[in-house]
Amino acid sequence: MLMPATPRILVIRRRYLGDIVLLGSVLQNLRLQWPQAHITLLAEQAFAPIALLHGEINRVRAFPRKLGEWPGFCRDIRREAFTHVLDFDNTDKTALVTRLSGAPLRVTYDRETNPFRHRWVYTGQARITNEFYTSQHITETYLKLLEPAGVPVVSRAIKLTPREPDLAAVAKFGGGFKRKVLVHPGSRSRFRVWPAERFAAVCDRMQDELDVQVFIAAGPGERAMAQQIRQLAQRHVVVLDQRFTICEFAALISKFNLLLCHDSGPMHIAAAVGVPVVALFGSQNSYIWRPIGEGHTILHPPLPCTCLPDTPTPCVKMDSYRNYCVRKLGVDEVFAALQRKLVIQN
């Protein structure tokens with residue numbers, strides 16, 4: 001297949017925040033292979049903006065939100081004259097966009113445990129066994145999609161670079177403190193949330209014993225928990241009530257010494273902007289989803305995890321999105337991990 005010297009590449013990854021952050025090594029290798037390529041990333045509206053911080057991307061596009069927007073969107077995709085499409089999702093919707101692109105090379109995954117949708121749409125696929133998927137970091141699975149595109153893996157680095165306007169927008173937060181820790185208590189799964197009273201206890205101990213100022217940041221659906229932590233804490237913690245864009249939030253994290261969070265998108269953002277993380281995991285596979293890079297601490301209970309009594313809703317032992325295993329982590333354990341990180345930074 002004869003390709004132009006300057007490819008036009010469409011990378012499709014619908015969601016979530018952390019997944020789009022973790023595409024960084026894929027994008028780097030595409031740029032190293034084709035320095036002059038035009039690379040577009042297509043994602044859902046809520047998550048697309050974080051891709052703006054990947055320096056390798058020329059354009060970020062979002063899927064239409066309304067049915068009436070689809071005809072114009074499809075015409076635009078066709079007019080882009082893409083030469084390569086890397087579809088990381090292989091859903092009905094992404095297969096449709098892939099085919100409508102008209103790109104000569106269209107690749108996706110053929111995963112052992114997932115149905116291969118619309119096989120006829122694609123010109124190549126990366127075959128992924130369940131053994132490979134469960135024994136590697138997710139970024140290794142992402143990099144496998146470069147193989148059918150003929151792109152060698154030269155780099156595994158992942159880096160987000162906050163923009164100057166976003167840094168300026170958050171400059172006033174946290175100024176005047178020698179050391180400061182950001183706490184993000186939210187999670188996409190309500191089962192994976194560490195109790196507010198334990199966050200409050202850890203915040204108190206950090207401020208009493210480690211001489212740090214603690215700030216709490218939360219998304220729109222997590223503000224009630226942030227306020228609850230502040231009310232339960234005995235010492236003054238600062239809740240950042242301002243609404244930040246995703247890119248501003250990345251800039252905000254970059255100004256802190258440490259992030260305490262769950263296994264979440266903010267965890268991956270922090271790692272990508274160079275901020276150490278203490279991450280609270282439940283029964284999910286931390287080997288697959290751990291933050292990339294050095295200097296991070298992952299805490300999770302002994303596995304396999306047994307269900308706790310007296311949970312708010314029934315626990316589903318084998319479903320990491322529907323069990324409460326993160327609650328087996330105690331305040332002393334979490335504080336000790338934070339203490340080790342902050343002592344190292346002295």
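Results for (1) in a helix (DSSP H, G or I); (2) more than 22 Å from residue 342 (Cβ to Cβ); (3) touching a residue at least 24 places away in the same chain (Cβ under 8 Å), shown as yes or no for each residue.
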{"position": "176", "(1), (2), (3)": "no, no, no"}
{"position": "186", "(1), (2), (3)": "no, yes, yes"}
{"position": "194", "(1), (2), (3)": "no, no, yes"}
{"position": "201", "(1), (2), (3)": "yes, no, yes"}
{"position": "205", "(1), (2), (3)": "yes, no, yes"}
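Can you tell me which residue in the range 316-334 is surrounded by the most Cβ atoms within 10 Å (Cβ to Cβ), limited to those that are without any contact (Cβ under 8 Å) to a residue 12 or more places away in the chain and more than 30 Å from residue 209 (Cα to Cα)? Step through it out loud before you land on a result.
Going residue by residue through the range 316-334, those that are without any contact (Cβ under 8 Å) to a residue 12 or more places away in the chain are 316, 318-319, 332.
Retained after the next criterion (residues that are more than 30 Å from residue 209 (Cα to Cα)): 316, 318-319.
On the way: 316: 14, 318: 9, 319: 12.
So, considering only residues that are without any contact (Cβ under 8 Å) to a residue 12 or more places away in the chain and more than 30 Å from residue 209 (Cα to Cα), the one surrounded by the most Cβ atoms within 10 Å (Cβ to Cβ) is 316.
Evaluate the range 136-151: report whether one residue or more is out of contact with any strand residue (DSSP E or B) (no Cβ under 9 Å at 6 or more places or on another chain) and modelled with pLDDT under 95.
yes
Does the range 265-279 include one or more residues that are more than 27 Å from residue 164 (Cβ to Cβ) and in the same structural domain as residue 179 (by TED's automatic domain parsing)? So that I can check it myself, show each step before the final result.
Restricting attention to the range 265-279, the residues satisfying the condition of being more than 27 Å from residue 164 (Cβ to Cβ) are 278-279.
Pick out the ones that are also in the same structural domain as residue 179 (by TED's automatic domain parsing) and you get 278-279.
Yes: the range 265-279 contains one or more residues that are more than 27 Å from residue 164 (Cβ to Cβ) and in the same structural domain as residue 179 (by TED's automatic domain parsing).
Does residue 191 satisfy being more than 18 Å from residue 18 (Cα to Cα), surrounded by 16 or more Cβ atoms within 10 Å (Cβ to Cβ) and modelled with pLDDT under 95? Show your work before the answer.
Working: more than 18 Å from residue 18 (Cα to Cα): yes; surrounded by 16 or more Cβ atoms within 10 Å (Cβ to Cβ): yes; modelled with pLDDT under 95: yes.
It is true that residue 191 is more than 18 Å from residue 18 (Cα to Cα), surrounded by 16 or more Cβ atoms within 10 Å (Cβ to Cβ) and modelled with pLDDT under 95.
Quick one: in the range 238-296, of everything that is assigned to a loop (DSSP other than H, G, I, E, B) and in contact with an Asp or Glu (Cβ under 8 Å, 6 or more places away or on another chain), which residue is surrounded by the fewest Cβ atoms within 10 Å (Cβ to Cβ)? Walk me through it before giving the result.
To start, the set of residues in the range 238-296 that are assigned to a loop (DSSP other than H, G, I, E, B) comprises 241-245, 254-257, 263-264, 273-276, 281-285, 290-296.
Of the ones still in play, those that are also in contact with an Asp or Glu (Cβ under 8 Å, 6 or more places away or on another chain) are 245, 281-282, 284.
Details: 245: 13, 281: 22, 282: 26, 284: 20.
Checked the range 238-296; the qualifying residue surrounded by the fewest Cβ atoms within 10 Å (Cβ to Cβ) is 245.
Residue check: is residue 26 under 23 Å from residue 126 (Cβ atoms), modelled with pLDDT of 95 or more and not small (Gly, Ala, Ser)?
Details: under 23 Å from residue 126 (Cβ atoms): yes; modelled with pLDDT of 95 or more: yes; not small (Gly, Ala, Ser): yes.
Yes; evaluated as a whole, the condition is true for this residue.
Search the range 123-136 for residues being crowded, with 19+ Cβ neighbours inside 10 Å and not aromatic (Phe, Trp, Tyr), and hand back the single one that is farthest from the chain's Cα centre (by Cα). Walk me through how you get there before you give the answer.
Step one: list which residues in the range 123-136 are crowded, with 19+ Cβ neighbours inside 10 Å, which gives 125-126, 128, 133.
Subsequent filtering for residues that are not aromatic (Phe, Trp, Tyr) retains 125-126, 128.
Working: 125: 24, 126: 22, 128: 21 Å.
Looking at residues that are crowded, with 19+ Cβ neighbours inside 10 Å and not aromatic (Phe, Trp, Tyr), I get 125.
Condition check ((1) out of contact with any Pro (no Cβ under 6 Å at 6 or more places or on another chain); (2) within 29 Å of residue 188 (Cα to Cα)) across all residues:
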{"site": "30", "(1), (2)": "yes, no"}
{"site": "33", "(1), (2)": "yes, no"}
{"site": "37", "(1), (2)": "no, no"}
{"site": "43", "(1), (2)": "yes, yes"}
{"site": "56", "(1), (2)": "yes, yes"}
{"site": "79", "(1), (2)": "yes, no"}
{"site": "87", "(1), (2)": "yes, yes"}
{"site": "91", "(1), (2)": "yes, yes"}
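Determine if the range 243-261 includes at least one residue that is assigned by TED's automatic domain parsing to the domain that holds residue 341 and in contact with a His (Cβ under 7 Å, 6 or more places away or on another chain).
First pass over the range 243-261, keeping only residues assigned by TED's automatic domain parsing to the domain that holds residue 341: 243-261.
Subsequent filtering for residues that are in contact with a His (Cβ under 7 Å, 6 or more places away or on another chain) retains 259, 261.
Among the residues of the range 243-261, at least one is assigned by TED's automatic domain parsing to the domain that holds residue 341 and in contact with a His (Cβ under 7 Å, 6 or more places away or on another chain), which makes the answer yes.
Only one residue in 275, 326 is under 29 Å from residue 49 (Cβ atoms), aliphatic (A, V, I, L, M) and modelled with pLDDT under 95. Which one? Give the steps one after another, and end with the answer.
Working: 275 fails: modelled with pLDDT under 95.
Just a single option satisfies the conditions, and that option is 326.
The values are calculated or read from the model by the stated rules, or taken from the named source; none is laboratory data. Values in this document were obtained by computation on a predicted structure and should not be read as measured data. Counting neighbours? That spans all protein chains shown, and the Cβs are built from the backbone with ideal geometry, glycine included.
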